[in-house]
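**Q** The following block contains the structure, expressed as C-alpha cells.
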Amino acid sequence: MIEFDKISMDNILVKVKKIDSGIIKGENITLEFGKIREETWEEKEGPQVKPNIFTLRNWDFKLLSRYKPFYSPLCDFCCKCTFGKCDLSEGKKGACGIDMITQQAREFCLNVAIGTACHMAHARHLVDYLIKKLGRDYKIDLGMEIDVEAPIIRTVVGIKPEVLGDLDEVLKYAEEQLTHVLASIATGQEGSAIDYESKALHLGMIDNLAKEVADIAQIIGFNYPKGDENAPLAEIGLGTYDANKASILTIGHNAIVGIEILDYIEQNNLSDRVEVLGICCTSHDLTRRNSRVKIIGPLSSQLRFVRAGIADVIVVDEQCIRTDIVEEARKKKSFVIATSDKACYGLEDKTEEPADKIIMELLNGNKNAVLIHDPKKAAEVAVKLALLVSPIRKDYKKLPDIKEVIEDIRRCTKCYNCQRNCPVNLDIPDAIEKAKGGNLFELSIIREECIACGRCESACPKGIKIVTAMEKATEYIVKNERSKIRVGRGPIKDTEIRKVGQPIVFGEIPGVILFAGCSNYYNGAKEVGEIAEEFLKRNYIVAATGCAAMSIAMYKDEEGKSLYEKYPGSFDAGCLVNLGSCVANSHAIGAAIKIANIFAKKPLRGNFEVIADYILNRVGAVAVVWGTMSQKAIAIATGANRWGIPVILGPHGVKYRRLLLGRKDREEDWYVYDARTKKRVIADPVPEHLLVVAESKEEAMIWIAKLVMRPNDTSKGRMIKVAHYIDLYKKLFGKLPDDLHLYIRNENEIPFNYKDEVIKILKEKGWKPREIPDPTLLERNIR
Amino acid sequence: MYVKPWYHGDSFGNRYAMVIDYKYAKKILNRCKNPIIIAGELLSRDKEAIDIISKARYDIVSTTPKTYIAFKDRDRETYYESLNTLINLLKSDDWKGFNGKEYDLAVFIGIFHQLLIQMISTLRNFSNVITMNASRFYVSIADYSFPNLDRDTWLEYLRKTFL
Ligand code: SF4
Ligand code: SF4
Ligand code: SF4
C-alpha cells in the first residue's frame with residue numbers, strides 16, 4: 001500500500017507518507033527522480049550546451065594567441081608537494097618536470113579556482129536554503145521587463161531556468177567543472193601553461209554562472225529590487241550609525257543570517273532599539289532587502305570600525321572577513337557570532353542549544369564568540385544579545401583618548417618595521433615622529449592612502465597601535481563620514497537593452513564601464529570615484545558592484561553630493577548603476593550577452609562561442625578592478641575575459657602573476673574573418689589587451705578610452721570613441737596620442753575638433769584608409 | 001654584502017640583487033650598449049629626483065601621464081609606454097626599442113614597489129635584459145640594486161650616477 005503526499009511535475013518528486021509493501025516499510029519518504037519538464041523554451045540547442053574543459057578550448061586558444069599570457073612570478077619556488085620545494089629559476093624544472101611558466105599558469109588557475117569556489121559555495125548555500133524555505137517549484141520571475149532572466153545560464157547550461165530547482169541543476173554542472181579543473185592542478189597532471197590558461201578561463205566562465213545563480217536566487221527569494229533604476233538611496237559611511245541604538249554589525253557576503261536578523265527585528269518591533277550595520281557585500285544585499293540598513297563601508301573599513309567599538313554584536317558569514325576578528329572584537333568587548341562553515345574560528349558549536357542559554361553563557365563566561373550555524377537562531381541570539389549588552393558597553397564605544405594614543409606612539413623607536421611591512425610603503429615612522437608632540441595631523445594624511453590592513457601593527461616590536469592612532473587622528477572627520485548609495489538594482493532590463501543595444505554596438509554610446517572588486521587601493525579610495533565621474537561626464541554607461549560601488553559612493557562633489565545622487569540609475573548613457581554585491585557582477589556580463597541576444601538576435605542556448613565572439617568584436621565594455629585583493633576578483637576578471645571583455649587592474653593586481661596582453665605592433669595578431677567578404681583580414685588592434693595593470697588613475701583612464709573600441713564600431717561610433725581618447729590624452733599629456741593611425745580607419749572617423757592635428761599625424765605615419773570588416777574570429781561564421 | 005630587502009614581503013628565493021653604489025652603477029651604465037631608464041608614477045611626486053633624472057643622457061620612458069608631464073615641464077622629452085606593456089615589449093625578441101636598437105639594461109626608478117618587484121621579476125625570469133634598481137629601497141630580484149638609502153644619500157647616488 002502506498003499513500004502519496006505530493007507529486008511535483010518539475011522534478012519527479014514523490015513524497016510518500018506511508019509505504020508497506022511487505023518488503024519495504026516506512027513513513028515520510030521523499031523520492032526524487034531526475035526531471036521531467038514541459039519544454040517552454042523553443043530556442044534550438046547550439047553545439048556547446050554544458051561545455052566541459054575540452055569544449056571551448058579552441059576559443060581559449062584563439063584568445064590566447066592574440067592576448068598572450070604575461071607572467072610575473074612571485075617567487076622562484078614551487079612548494080605544492082613533498083618532492084619540493086623546487087627552485088624553478090633560471091630554466092630549472094621541478095622534480096615533477098614542471099617549468100616556471102607552467103607553474104605560474106598553474107598558480108593563476110588555482111587562484112581562479114579558489115575564487116570560483118567561493119561564489120559557487122555561496123550560491124549553493126543560498127539555493128539550498130531557499131529551496132528548503134520556499135520549495136523547488138518556487139518560480140523565477142524577475143518582473144514584466146525582464147524576459148531573458150538568466151543570460152549566462154541560458155547560454156552556458158542551455159536551459160531557461162523557471163523555478164528554484166533549476167538553479168540546483170545549474171550548480172551541479174558547475175560543481176563538476178570545478179572539481180575537474182582543481183584535480184588538474186595536482187602534481188603530475190597538466191603540463192602545459194596554455195592548457196592551464198584555458199582551464200582558468202573555463203572556471204572564470206563557471207564563476208560567472210555561479211554568481212548569476214546566487215543573485216537570481218536571492219533576488220527572488222529575498223525580494224530584492226528586480227532591475228529597478230529607481231531603487232532607493234541608502235546611507236553609507238563610518239559615521240552613519242545611531243549611537244542611541246544597540247548595533248549589530250554584519251560582515252561578509254552571504255545575506256541569509258542578516259536577513260533573518262532584519263526579519264526578527266521587524267517581527268518583534270525592535271527597529272527603534274536596534275540597528276543593523278554592514279561591511280562588504282552582505283551590507284549591499286541587506287540594503288536590497290531594506291534600505292534602512294546602513295553600509296559602513298568596504299573591506300578597508302573593517303578594522304577601523306571594529307576598533308571604534310561601536311558594534312555590540314558582530315555577525316560574520318563568509319568571505320573577506322578579517323581572520324583575527326574574534327581577537328579584535330574581544331579588545332572592545334564586542335561579541336562575535338560566526339555562522340558559516342567557511343569561517344568557524346575554532347569556536348564552540350552552540351547551534352543545538354537554546355538561544356537564551358547561549359546568551360547567558362556568553363554574558364557570564366569568558367568567551368566573546370560562538371558558532372551558530374542555524375540562521376534563525378543566530379539572528380535571535382544576535383538581536384537579544386545586542387540589546388542586553390549595548391547599555392553596559394557604552395564605555396567601549398569610542399577610541400582611546402588622545403593622551404593614551406600619544407603615550408603609545410611615544411614608544412616608537414623609528415625602527416621602520418612598520419613601513420617595511422606596509423603594502424603601500426607609507427612613511428609611518430615619520431608621521432609618528434611628528435605626532436609625538438600631540439599634533440596628529442600627519443597621521444591623518446597618511447590614513448588617506450592606508451587600507452587598514454594592520455600589517456604595520458603586527459610588525460611593530462613595540463606593539464604600537466598604529467591604526468588606532470590614525471583613526472584618532474581623523475576621529476572628527478570620520479564621525480561625520482556619511483554619504484548615499486543607490487541600493488543594488490540587480491539585472492539590466494530587456495527594455496533598457498532594446499534602447500541602448502544599437503548605440504553601444506555602433507559605438508555611439510562610447511562604452512560601458514564596470515567598476516568591480518575590493519578596496520585594496522594603493523593611492524586611496526577616492527580615485528575610483530574620480531575615474532567614474534570622468535566617464536559619467538563623458539556619457540559612458542557606468543556600472544558598479546561590491547566594494548567599488550561603495551568607494552564610488554564615498555566620493556562627493558563640491559556640493560557634498562554623492563555620484564549616486566547626481567547621476568540617474570538607469571542602464572543608459574551618463575548613468576550610474578549600482579548592480580549590487582559581488583555576485584551581481586554577473587548582470588554586467590549578462591547585459592553584454594543580452595545585447596547579442598535581444599539586439600542582434602543571436603541565439604543563446606549552447607552558443608557560448610558565438611556570443612563571446614559577438615561581445616569581443618562588437619560590445620564596447622570594459623571592467624576596472626582598481627582595488628584587487630581576493631581570489632574572487634581574479635575569478636570575476638577571468639570570466640569577463642572569456643566572454644571577450646577586457647579588464648584593467650589596479651597596481652596590486654600584478655600579484656595575481658599573469659596578465660593577458662596584446663601587441664598592437666604585430667599586425668598578424670589582429671586577424672579576423674570578414675563575414676561579408678568571407679576573407680581573413682587584418683583588423684585594427686582593438687581591444688588591445690584582455691587583462692592589463694594600470695600604474696596610475698590617469699593611465700587607467702587612457703586604457704578605458706582605448707579598451708572600449710571594437711572592430712565593428714561604425715565610423716560615427718569610432719569617431720566618438722577616438723574623440724574621447726584624444727581629448728583625455730591631450731588633457732593628460734598635453735599632446736595627441738601617436739597611435740591614432742591604428743584606430744582611425746577612414747576620414748569620417750577623424751574627430752572634427754582635432755581635424756588638422758590628426759591629419760598631420762596620419763600623414764607622418766603613412767596612414768591609408770581601410771575597410772571596416774564585419775568581424776568574427778569564428779571560421780564557421782563565414783561558411 | 002647582504003642587504004635585507006626594504007619590503008619584508010620581497011623574497012624570491014636564492015637570488016639576491018648585487019648591492020651597488022653609484023660608482024658601480026655608473027660602470028654598468030657605461031658598459032651597456034643601450035640602457036633605458038624606466039621612470040614611474042612616484043618619480044613625478046619627487047621634485048628633486050626628477051630634476052636629476054631629467055638631465056640623464058640615456059633614453060627615458062615615462063610609464064604614467066604625470067611622469068611624462070613632469071619631465072616635459074623640465075624640457076625633457078621622454079617616451080611614454082604603460083609599465084606592463086613596456087616590460088612585455090622589453091622581453092620580446094622581436095621588439096627593437098624606441099630608438100631602433102634593443103635595450104640591454106633597464107634601470108628602474110619611481111615605481112610603486114609592489115609593482116616594481118613584479119615587473120623586474122618578469123624580466124629576470126623571462127628575458128636577457130639586465131635589471132638595475134635605482135630606487136631608494138633595495139629590491140632583491142633585480143640583477144643590481146642600490147641598498148636601502150636615506151633620502152639625501154639616495155639623491156647623491158642619483159646625481160653621481162646619472163649626471
Ligand atoms: S609540484 Fe612539482 S615543482 Fe612543485 S614542489 Fe612538487 S615536484 Fe616540485
Ligand atoms: S594598516 Fe595602513 S599603514 Fe598599516 S600597513 Fe596597512 S596600509 Fe600600511
Ligand atoms: S614599527 Fe613601531 S617602533 Fe618601529 S617605527 Fe614603526 S611604529 Fe615605530
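**Q** On a 1.4 Å probe surface of the protein chains, which of A:Asp684, A:Asp665, A:Asp572 comes out largest in accessible area, and what is the full order?
**A** A:Asp665, A:Asp572, A:Asp684
**Q** Which one, A:Ser198, A:Val127, A:Leu209, is farthest towards the positive end of the dipole of segment A:57-222 when Lys and Arg carry +1 and Asp and Glu -1 on their Cβ?
**A** Toward the positive end, the furthest listed residue is A:Ser198.
**Q** Let me ask something else about it. Farthest toward the dipole's positive end in segment A:358-467, which of A:Asn368, A:Ser458, A:Pro423, given Cβ charges of +1 (Lys, Arg) and -1 (Asp, Glu) about the Cα centre?
**A** Farthest towards the positive end: A:Asn368.
**Q** What is the percent of Cα-Cα separations in chain B that go past 22 Å?
**A** 36
**Q** With respect to the cross-link table entries A:Lys226/A:Lys594; A:Lys357/A:Lys632; A:Lys342/A:Lys594; A:Lys199/A:Lys537, which display a Cα-Cα separation exceeding 27 Å?
**A** A:Lys357/A:Lys632; A:Lys342/A:Lys594; A:Lys199/A:Lys537
**Q** In segment A:684-699, what residues drop by 20 Å² or more of accessible area when the other protein chains are put back, versus the chain on its own? Use 1.4 Å, and skip ligands and nucleic acids.
**A** A:Val693, A:Glu695, A:Ser696, A:Glu698, A:Glu699
**Q** Please list, in chain and number order, the residues 5+ apart from A:Tyr540 or on another chain whose amide H is under 5 Å from its amide H, with Hs placed from the backbone.
**A** A:Gly574
**Q** In the protein assembly as shown, how does Rg compare with the Kirkwood Rh, expressed as the Rg/Rh ratio over alpha carbon atoms?
**A** 0.97
**Q** Moving on. For A:Val624, what residues show an amide H to amide H distance below 5 Å, using hydrogens built from the backbone and excluding near sequence neighbours?
**A** A:Leu514, A:Phe515, A:Ala516, A:Ile648
**Q** Counting only protein heavy atoms and a 1.4 Å probe, tell me what percentage of segment A:483-711's accessible area is made up of carbon and sulfur.
**A** That fraction is 49 percent.
**Q** List the accessible area buried at the contact between B and A, summed over both sides and calculated with a 1.4 Å probe, in Å² to the nearest 100.
**A** When B and A are taken together, about 4000 Å² of accessible area is lost.
**Q** Right, something else. Please list, short to long, the whole-number percent of alpha-carbon pairs of segment A:402-464 in consecutive 5 angstrom bins beginning at zero.
**A** Here the calculated profile for segment A:402-464 is 4, 20, 31, 29, 15, 1.
**Q** What accessible area per residue comes out for segment B:1-104, rounded to a whole number of Å², with a 1.4 Å probe?
**A** 47
**Q** While we're here: Taking a cut-off of 18 Å between Cα atoms, list the lysines near A:Lys398, but don't count ones fewer than 8 places away on the same chain.
**A** A:Lys245, A:Lys331, A:Lys332, A:Lys333, A:Lys465, A:Lys472, A:Lys479
**Q** Any idea of the accessible area per residue across chain A, 1.4 Å probe, to the nearest Å²?
**A** Value for chain A: 37 Å² per residue.
**Q** How large is Rg over Rh for segment A:286-340, taking Rg from the Cα atoms and Rh as the Kirkwood inverse mean of 1/r across Cα pairs?
**A** We get a ratio of 0.96 for segment A:286-340.
**Q** Still on this structure, I have one more. Let me make sure I get this right: for segment A:243-286, a, b and c are the square roots of the gyration tensor eigenvalues over alpha carbons, sorted descending. Under 1.5 in a/c it's rounded, otherwise prolate if a/b > b/c, else oblate. Which is it?
**A** Oblate shape, in that a/c is at least 1.5 and b/c is the bigger or equal ratio.
**Q** Please express the shape of segment A:228-335 as an equivalent ellipsoid: the semi-axes are the square roots of 5 times the eigenvalues of the C-alpha gyration tensor, given largest first in whole angstrom.
**A** Taking √(5λ) for each eigenvalue gives 20, 16, 13 Å, largest first.
**Q** State the percentage of accessible surface on segment A:214-255 attributable to carbon and sulfur atoms; use a 1.4 Å probe and exclude ligands, DNA and RNA.
**A** Answer for segment A:214-255: carbon and sulfur cover 35 percent of the accessible area.
**Q** Tabulate in residue order the Karplus-calculated ³J(HN,Hα) for segment A:612-617, using 6.51 cos²θ - 1.76 cosθ + 1.60 with θ = phi - 60°, rounded to whole Hz; enter x for Gly and Pro.
**A** 5, 4, 5, 5, 4, 8
**Q** If you don't mind, another one. What residues in segment A:422-451 lose 50 Å² or more of accessible surface when the other protein chains are added to their chain alone (1.4 Å probe)?
**A** For segment A:422-451, once contacts with the other chains are taken into account, A:Asn425 lose 50 Å² or more.
**Q** Here's something else I'd like to know. Given Cα pairs under 8 Å that are at least 6 residues apart, what percent is the relative contact order of segment A:57-222?
**A** 31
**Q** Right, here's the next one. What are the aspartates and glutamates whose alpha-carbon lies under 14 Å from the alpha-carbon of A:Lys397, with same-chain residues fewer than 8 places away excluded?
**A** Within reach: A:Asp242, A:Asp312, A:Glu328, A:Glu471, A:Glu475.
**Q** Show me, for segment A:539-552, the HN-Hα J-couplings you get by feeding each phi into the Karplus relation (A = 6.51, B = -1.76, C = 1.60, θ = phi - 60°), rounded to Hz, glycine and proline as x.
**A** 6, 6, 8, 10, 10, 8, 9, x, 4, 4, 4, 6, 4, 4
**Q** Accessible area of chain B with a 1.4 Å probe: how many percent of it is carbon plus sulfur?
**A** That fraction is 47 percent.
**Q** If you don't mind, there's one more thing I want to ask. Rounded to the nearest 20 Debye, what is the dipole magnitude of segment A:402-464 about its Cα centre when Lys and Arg each give +1 and Asp and Glu each give -1 at the C-beta?
**A** Using only the charged Cβ atoms, the result is roughly 240 debye.
**Q** Looking at segment A:483-711, what % of its DSSP beta bridges pair antiparallel, to the nearest 5?
**A** 30
**Q** Also, I was wondering about something else. Tell me, what is the Rg over Rh of segment A:80-121, with Rh the Kirkwood radius over Cα pairs?
**A** On the Cα set of segment A:80-121, Rg over Rh gives 1.11.
**Q** Any residues in segment B:49-88 that have 20 Å² or more less accessible area with all protein chains than in their chain alone, probe 1.4 Å, and which are they?
**A** Residues shielded by partner chains are B:Thr64, B:Pro65, B:Lys66, B:Tyr68, B:Ile69, B:Lys72, B:Tyr80, B:Ser82, B:Asn84, B:Thr85, B:Asn88.
**Q** Give the relative contact order (percent, whole number) for segment B:30-162; include only Cα pairs under 8 Å separated by 6+ residues.
**A** Reported relative contact order: 25 percent.
**Q** Take the Cα atoms of segment A:393-502, build their convex hull, and give its volume per residue in Å³.
**A** 177
**Q** Rounded to whole Hz and in sequence order, give me ³J(HN,Hα) for segment A:709-714 from the Karplus expression 6.51 cos²θ - 1.76 cosθ + 1.60, θ = phi - 60°, writing x for Gly and Pro.
**A** Couplings: 6, 9, x, 7, 3, 6 Hz.
**Q** Still on this model: Based on DSSP, what percent of beta bridges with both residues in the protein assembly as shown are antiparallel, to the nearest 5?
**A** Here the share of antiparallel DSSP bridges comes out near 40 percent.
The values are calculated or read from the model by the stated rules, or taken from the named source; none is laboratory data. If you're wondering where the values come from, they're calculated on a predicted model, not measured in any experiment. All Cβ positions, even for glycine, are placed from backbone atoms using ideal geometry, and neighbour counts span all protein chains on display. Ligands, DNA and RNA are stripped out before the accessible areas are found, and what is left, the full protein with its side chains, is counted by its heavy atoms. Shrake-Rupley method; radii C 1.70, N 1.55, O 1.52, S 1.80 Å.
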